[in-house]
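The values are calculated or read from the model by the stated rules, or taken from the named source; none is laboratory data. This structure is a prediction, so every number in the text was calculated from the model and none was measured. Note that we place each Cβ from the backbone using ideal geometry, even for glycine, and neighbour counts take in every protein chain shown.
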Amino acid sequence: MKYKKSIFNTIVEELDDGRKLIYNTYSSVFGIMDKKTQELYESIDSYNLSTVEDKDTMNNIETMSKAGYIVDLEKDEMATLKVERQIVRYNSRALLLTIAPTMDCNMCCPYCYEDNKDVVMNKEVQDKLVDFVKMQLDANKNLTALRIAWFGGEPLMQKEIIYDLSQRFINVCKERNIQYGASMITNGSLLDVKTAKRLKEECMLTYAQVTIDGMKETHNKRRVLINGEDSFEIIIRNIEACKDILPVTIRINVDRDNYSEIDSLSKYFWEEKGWKDSPSFYLALVEDNFDVHDSASASFLQNEEFSKINMKCIEASYSVNKELVAHMFFPTRKAIFCRGEGVSSYVVDPEGFFFNCLRQIGKREFSTGHVNKPFQINLEYGKWLLSDLSEKCEKCVYLPICMSSCGLHRVPTGGEAKCMHPTYIYKPLLKLAYQDYLVQKSMPETAAGN
C-alpha cells in the first residue's frame, strides 16, 4: 500500500526543538510531529507499507494514516469531501424550522437588518404550518426529530402563539414517536421568570440566546427599547432571574463603536455578576449583508480586526474558566456551512413565506415557497440546494471546517465565497489547546485526572 500527504494538513507552529504542531482539518486530529517523523512524512510517497521491515517506521506510518496526515495514494480527498457533502445535505435526519411569529419588535437597534413590520402570524398560517410539519414528517421516514428555533422580530411579543404552536408540535411528535427540541433568539426584555418556566416546562425550550452589546450606556444606545426604558438593567435582571430555569447564552454584537468595552463587559459578567460558568457568552461580528447601512459602513470591523478582539476575549475566558472555551479548541469538519444549503430546513415568516436563510426573512424576493401551497422547488430554493463549493475554496486547507463559508455571500447572486472571521483564529485556538496540553501534562497525575 502506498501513501501521499493529505491536502488538508496545516502546520500550526514549529517548536523551538524542531518538532511541529500539525492539524488535519478533515480528520480533526491535532498532533506533535518530531524530526524523525517529519522526515518520514516528507518522503512518504517513496514508501510501500508491504515492504517496510523496520517496526518503528511501520508504526509511524500507521499512526500518520490513522490521524489522516497521510492517505492512500489512490484516494481523491476532494471528491470524498464533495460526495459526503451531497449525502448529508440531502439526507437530513431532522426537520428544522426557524419560525418568526411576528416581525414586530419592541426595540429599534441601529444595525438591525430587518424591516419592522406590524405583522402577526394569524390562525390560518399557524394551522397551515402545523399541517406542513405533519406532511413533512409523514412523507420522509428518515426524519427522526423536529427542531424549532423561535425568531423574530421579537418572538416574545407573541408568547401565546409560541405556547400554542409548541404544544401542537409536541403532540404531533408524540403521535409519530419523533424527538422534539426548541430554542429561541430573543432580546431578553420580556424574558421574565414566569415566561422562562413556561418555555422550559411546556414548550421544551433547551436554551435562549440574548444580546448584550456593551456596558450600560453603550448597550442602551445600541439596544434601544422603543418605550425608552433602560434595556440593559431589564435584560441583566431577567438573565439573573432566569438563568437557573432556562439556560441562557449571551451574544455580544461587535463593531468599532463598542469593541473597546469587551474587556470591561467580560469582567462585569465574571466579577460583578459571578457568571463564570453560566450564562456563557460569545462575540459576533456585525456585518452589512444587505447593504442597508451604507451611512454607518465605517463602523464595521474587518475580519482580521475582529478576530484579534475575539481571540483576546477567548484567552481571557480561558483564564477564568477553561470549560467556557475548551469546546472551541479543535475546529471540526462540517458537511455544509449551515443548514440553509440542505433539505428539511425552513425559515418561516409571520405571513407563511418560506426562506432558506434567516437573514433573508421577510424579503419576499428571496422566498422559496408558502405554507398555503404544496411545496415545490422554485428558482430561489434551487439556488440553495444546488449551490456548489467555490473553486477558490477548493485550494484552501481550511475547506473541511469552512465549506465555502456563509451561503448568503454566494448563493443568491452567484457571487464569490467570502472568508469569514473564524478562519483567522483556527491556528491561535490550536496554539491555546497546545498550551493547555502542556499545563495538564505538568500537573500531578491525580490532579490532572480530575
Conditions (1) in a helix (DSSP H, G or I); (2) surrounded by 12 or more Cβ atoms within 10 Å (Cβ to Cβ); (3) not aromatic (Phe, Trp, Tyr) -> CYS105 fails only (1)
From the list ILE262, ILE250, ILE178, which one is over 21 Å from ILE148 (Cα atoms) and either touching a residue at least 12 places away in the same chain (Cβ under 8 Å) or in contact with a Pro (Cβ under 8 Å, 6 or more places away or on another chain) (or both)? ILE262
Which one of these does ASN91 not meet: (1) in a helix (DSSP H, G or I); (2) touching a residue at least 40 places away in the same chain (Cβ under 8 Å)? (1)
Across (1) surrounded by fewer than 19 Cβ atoms within 10 Å (Cβ to Cβ); (2) at pLDDT 95 or above, MET443 clears everything bar (2)
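Per-residue answers, yes or no, for (1) part of a helix (DSSP H, G or I); (2) at pLDDT 95 or above; (3) outside the structural domain of LYS312 (by TED's automatic domain parsing); (4) over 13 Å from CYS338 (Cβ atoms):
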| residue | (1), (2), (3), (4) |
| --- | --- |
| SER404 | no, no, no, no |
| GLY414 | no, no, no, yes |
| LYS418 | no, no, no, yes |
| THR423 | yes, no, no, yes |
| TYR426 | yes, yes, no, yes |
| LEU429 | yes, yes, no, yes |
| LEU432 | yes, yes, no, yes |
| GLN435 | yes, yes, no, yes |
| VAL439 | yes, no, no, yes |
Unmet requirement for HIS293, which otherwise passes all of (1) modelled with pLDDT of 90 or more; (2) buried (at least 17 other Cβ atoms within 10 Å of the Cβ); (3) of a type outside the set (Asp, Glu); (4) over 21 Å from the mean Cα position of the chain (by Cα): (1)
Among the residues of the stretch 123-149 satisfying the criterion of being among the polar types (S, T, N, Q) and not in a helix (DSSP H, G or I), which is surrounded by the fewest Cβ atoms within 10 Å (Cβ to Cβ)? ASN142
Could you tell me which residue of the stretch 306-348 is modelled with the lowest pLDDT, considering only residues that are at negative phi and of a type in the set (Ser, Thr, Tyr)? THR332
Looking at TYR69, TYR47, TYR90, TYR26, which one is closer than 30 Å to SER387 by Cα, modelled with pLDDT under 95 and among the aromatic types (Phe, Trp, Tyr)? TYR90
On the given criteria, is GLU42 under 30 Å from TRP384 (Cα atoms) and either assigned by TED's automatic domain parsing to the domain that holds TYR398 or at pLDDT 95 or above (or both)? no
Here are some residues: LEU146, LEU81, LEU96. Which one is in contact with a Phe, Trp or Tyr (Cβ under 8 Å, 6 or more places away or on another chain), closer than 17 Å to ILE185 by Cβ and not assigned by TED's automatic domain parsing to the domain that holds SER27? LEU96
For residues in the stretch 338-396 being hydroxyl-bearing (Ser, Thr, Tyr) and in contact with a helix residue (DSSP H, G or I) (Cβ under 6 Å, 6 or more places away or on another chain), which is surrounded by the most Cβ atoms within 10 Å (Cβ to Cβ)? THR368
For the condition surrounded by fewer than 20 Cβ atoms within 10 Å (Cβ to Cβ), assigned by TED's automatic domain parsing to the domain that holds LEU97 and either out of contact with any Cys (no Cβ under 6 Å at 6 or more places or on another chain) or within 14 Å of ILE252 (Cβ to Cβ) (or both), what is the one hit in LEU205, LEU225, LEU199? LEU225
